Each structure stands twice: as C-alpha cells, then as structure tokens.
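Nothing in this text is a laboratory measurement; each read-out follows from the coordinates by a stated rule. In this text the structure is predicted, and so the values were computed from the model without any measurement. Glycine gets a Cβ as well: all are built from the backbone with ideal geometry, and neighbour counts include every protein chain shown.
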Amino acid sequence: MKSSYNRLIFILSLIGILVAIYVLQSFIRQSSIVCVNNGCEIVRKSLYSYPLGIPVPAFGLIGYSLLTLFTFLRTISSDRRLLYGILGISVFGVLFVSWFTFMELFIIKAVCTWCAVSAINMFIIFFLVVKIHQMEVRKK
Amino acid sequence: MKLSSESKLFIAIAVITVFIIGIGIMLMSRPAPVLERSQLLPAGSYTQGNKEAKTYLVEFSDFQCPACRSFQPQVKALVEKNKDKLVFAYRHFPLAQHPLALPAALAAEAAGEQEKFWEMHDYIFENQESLSEEILLSAPEKLGLDKEKYLKAFKDKKYQDKIDKDTSDGRKFGVDATPTFFLNGKKLDLFTSSDLSKSVEETIKNNPK
C-alpha cells in the first residue's frame with residue numbers, strides 16, 4: 001500500500017513537471033497558453049505571477065522535480081529523511097498553490113486552468129504523503 | 001548496485017515522460033506560420049489607414065472585452081500617426097461569455113452598411129461599461145444613421161455570416177483570446193500593452209511605405 005502511494009506520488013509529480021514545463025515555456029517565450037478560457041493569458045501577463053521576479057511555474061518545476069527525485073530515491077533507500085523531505089516540499093507546495101489560487105481569485109481575478117490542475121495535483125500529493133507518514137508512524 | 005523492480009519501474013516511467021517532453025518540445029519549437037495578407041484582410045473587412053501600405057495590422061476583437069477596449073486608444077493613435085504607412089483591420093471574435101459581444105458586432109456591421117463602422121466601433125467601446133441593447137438601439141440618433149435601415153440590418157442579423165466567418169477564421173489562425181493582433185501575417189504575443197506600438201513602429205521602420 002505504502003509503495004503504491006509512493007508510486008502514485010511519483011507519477012503525479014511527473015504530471016506536475018509536464019504542466020510546469022508547458023506553462024513555463026509560455027512564460028519565457030511570452031506565447032499564449034492553450035486554456036479553456038482566457039484566464040491563463042490574464043494570469044500569465046500579471047505581475048503577481050512573478051514572485052521575486054521568478055515565474056510561478058518555475059517554482060512548480062523545481063518542487064515537482066524534487067518530489068520525483070525523492071520518491072525515486074525511496075525505492076532505493078528507506079532513509080526516513082527522504083519522507084520528511086517529501087513532506088516538507090509538499091507542505092510548501094500546498095501553501096504555495098493556496099497562496100497563488102487566492103491571488104488568482106481575489107487579486108488577478110482570473111483563473112488559469114493549468115494552475116488549477118497543478119494546485120489539485122499538489123493537494124493530492126500532500127494527502128498521499130500524509131497517509132504514508134501516518135502508516136510509517138503507526139508501524140514504528 | 002542492484003535496482004529493485006520498483007526502481008526499474010520508476011526509471012521506465014521517467015524515460016517515457018522524458019520522451020513525451022521531447023516530442024512536445026519538437027512540436028512546439030516549430031515556427032509559427034506566417035499568414036497570407038488575403039487571409040487576414042479578406043474583401044469586406046473594415047480598415048483604417050492606407051490600404052496599400054506594406055504594414056498591416058489585424059485585430060480579432062470582442063466589443064465587450066475590457067482588454068480590447070484598453071488597447072483601442074493605442075491602436076487609434078498608431079493609425080493616426082501612421083496613416084500612410086499602416087493599414088489596420090478590425091475583425092470580429094465575440095466570445096461566448098460576453099452576451100452583448102455578438103449584438104454589438106451585428107450593430108457595428110449594420111452601421112458599417114451606412115459607412116459608419118468606425119464611428120459605431122468607437123461609440124460601443126466608449127459605452128462598454130454600461131453597454132446594453134438600448135445603447136445599441138439608440139446609435140442612429142447619436143451617429144446620424146438612417147434608423148429604419150440600421151434597425152432592419154441589426155434585427156435581421158444581416159451580417160451574422162460575416163461575423164461567423166471572422167470568428168471561424170480567427171479559430172483557424174489560432175486566436176484563443178481577445179484581443180489578438182496579427183502584424184504582417186504573424187501573431188503577436190504582447191507582454192505589455194506598449195509592446196504593440198513597439199512592434200508596429202519597428203515593422204513600419206523596416207517596411208517604409
């Protein structure tokens with residue numbers, strides 16, 4: 001069960017990487033993003049999509065890459081620190097996507113479909129990590 | 001080090017993902033096609049400026065879209081400043097989420113029948129925030145149109161086909177948001193609103209007259 005959760009996090013992280021790469025290339029090339037409405041374009045052109053001057057999808061790409069790496073390493077090593085690393089990244093991820101969704105809804109007043117997909121993805125990952133953590137604690 | 005079957009599975013999934021990314025990069029790095037002038041400026045399009053100018057700017061726009069309105073003064077200034085060197089065309093792309101975008105487009109075409117397309121275009125954008133059917137119906141008084149003729153064209157949706165053609169052309173050309181501008185056949189990706197003026201001025205400089 002625990003390993004299938006880890007596998008699921010790995011796959012979801014790869015999906016997160018795909019989404020982040022697609023959106024990031026649009027940010028960098030300043031090209032339009034295929035979206036269900038024009039929300040992605042409004043969000044892409046907003047200054048709030050560049051916290052500290054860094055495009056939002058870059059944060060996603062780094063976070064998801066680390067999650068991919070750490071979940072892979074967990075298939076090799078059973079070092080508990082890997083789980084805490086994953087937990088830490090997913091906590092940061094959930095806070096980050098919550099903050100950005102709040103900005104989209106109330107400040108930018110537009111929702112980018114891909115950001116919503118990524119936000120849901122990050123919440124599922126967080127939920128799965130918590131589940132794994134609970135199982136490991138119980139085992140202990 | 002001997003890898004477990006789980007590790008091997010992860011590696012296989014990662015390899016497939018990298019493969020997908022590679023295909024994606026290949027597909028997306030193809031240059032955007034340059035459209036023909038006749039495709040973007042079909043006969044019957046309303047234009048401003050010099051029809052013979054080498055530089056042509058085409059906007060796919062929605063009368064109820066706030067971003068389109070915010071670009072309007074800039075476009076107007078560009079056309080005024082470059083009357084001889086630029087031709088600008090307005091093409092319809094009314095979005096479904098704007099209930100008055102299509103009626104406004106029909107009204108603009110109905111006014112266009114009486115040579116007052118651009119006056120109507122400006123009138124609609126000026127009244128965008130309070131846009132209503134009444135505002136569209138009261139255009140004849142404001143703009144000096146033949147009321148009967150205007151109302152007939154407007155209510156009979158005489159120019160619906162033309163608007164539909166603009167919209168389907170827009171979709172074919174990759175328009176997915178409004179406003180979308182094409183400059184000499186190339187879709188512009190505008191990061192800030194001043195990018196439009198910069199791109200147009202630069203193109204005019206490279207294509208004098």
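GluC sites (Glu not before Pro) within the range B:94-199: which are DSSP loop residues with at most 14 other Cβ atoms inside 10 Å?
Hits after loop and neighbour filter: B:115.
Taking 25 Å as R0, compute the FRET efficiency from the Cβ-Cβ separation of residue B:51 and residue B:76 and round it to 0.05.
0.90
Which Cα, out of B:93, B:159, B:108, lies furthest along the positive dipole direction of the range B:92-176 (beta carbon charges, K/R +1, D/E -1)?
B:159
Would you kindly calculate the mean projected area, averaged across all directions, of the convex hull enclosing the Cα atoms of chain B, in square nanometres?
16.4
Take residue B:138 and residue A:135, extend 7 Å from each Cα along the Cα→Cβ direction, and tell me the distance between the two endpoints in nm.
6.8
Given the pairs A:139/B:2; B:51/B:76; B:116/B:187; B:116/B:149; A:139/B:8; B:54/B:198, which are separated by over 24 angstrom at their Cα positions?
A:139/B:2; B:116/B:187; A:139/B:8
When the chain is fully extended, how far beyond the present Cα-Cα distance does residue B:197 get from residue B:146, taking 0.36 nm per residue of separation?
Value of the extension gain: 14.7 nm.
At 7 Å along the Cα-to-beta-carbon direction for both residue A:22 and residue A:105, put a label point, then send me their distance in nm to one decimal.
2.4
Using the eigenvalues of the Cα gyration tensor, what equivalent ellipsoid semi-axes result for chain A when each is taken as the square root of five times the eigenvalue, whole Å, largest first?
So the three semi-axes of chain A are 30, 14, 12 Å.
Pulled fully out, how much extra length does the chain show between residue B:157 and residue B:4, if you take 0.36 nm times their separation in residues and subtract their Cα-Cα distance?
Separation in residues times 0.36 nm, less the Cα-Cα distance, equals 48.2 nm.
Under the Karplus relation 6.51 cos²θ - 1.76 cosθ + 1.60, θ = phi - 60°, what is the ordered set of whole-Hz ³J(HN,Hα) values for the range A:31-40, x standing for Gly and Pro?
Couplings: 9, 6, 9, 6, 8, 6, 9, 9, x, 4 Hz.
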